[in-house]
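Undergrad: The structure follows.
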Amino acid sequence: MARAVVAATVLVAVLGTVPGEARAPARLMVQADEYSLLLSRQSIVRGPARIQYINRGEDPHDLKLQRSGGTHAISISETRPGALAQANVSLRTGRYRLWCSLPDHRALGMRAKLRVRRGR
Ligand SMILES: [Cu+2]
């Protein structure tokens, strides 16, 4: 019991978070197709998140994710049909846009919105 408490304390120190915030990453699954992005949920809690990107289409697709007002986009590189890509990220509260950056794919419908909220 005491050993478990010590281990948990060490983990919190490594992650640099306060004890109340230590938790498993939020999960978001994004399915790509011609030409749409389907999100497993419309909002997730801020902090660590695991994004899984599944290409269910017949062509390659990539994924960009950017916070509204932000200048930096998170990228998942071009993914082949049938492939699964994964990215571990840390997200601040706000509104995010997701899209495929291949030519014309965004305009054709490969775009979505995500809200990152403060808590449950
Ligand atoms: Cu695409």
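Undergrad: Using only Cα atoms, locate the centre of segment 98-120 and the centre of segment 42-90, then give the distance between them in Å, rounded to an integer.
TA: Cα centroid to Cα centroid, the span is 9 Å.
Undergrad: Let me check the size of segment 26-84 from its C-alpha atoms; what are the radius of gyration and Dmax in Å?
TA: For segment 26-84, the Cα-based Rg and Dmax read 11.8, 33 Å.
Undergrad: Still on this structure, please answer the following. Ranked from the most accessible area to the least, with a 1.4 Å probe and all protein chains present, what is the order of Arg67, Arg106, Arg120, Arg80?
TA: On the way: Arg67 70, Arg106 95, Arg120 240, Arg80 170 Å².
Solvent-accessible surface, decreasing: Arg120, Arg80, Arg106, Arg67.
The values are calculated or read from the model by the stated rules, or taken from the named source; none is laboratory data. What you see is a predicted model, and the numbers here were worked out from it, not measured in a lab. Note: accessible area is taken over every heavy atom of the protein model, side chains too, but ligands, DNA and RNA are not part of it. Shrake-Rupley method; radii C 1.70, N 1.55, O 1.52, S 1.80 Å.
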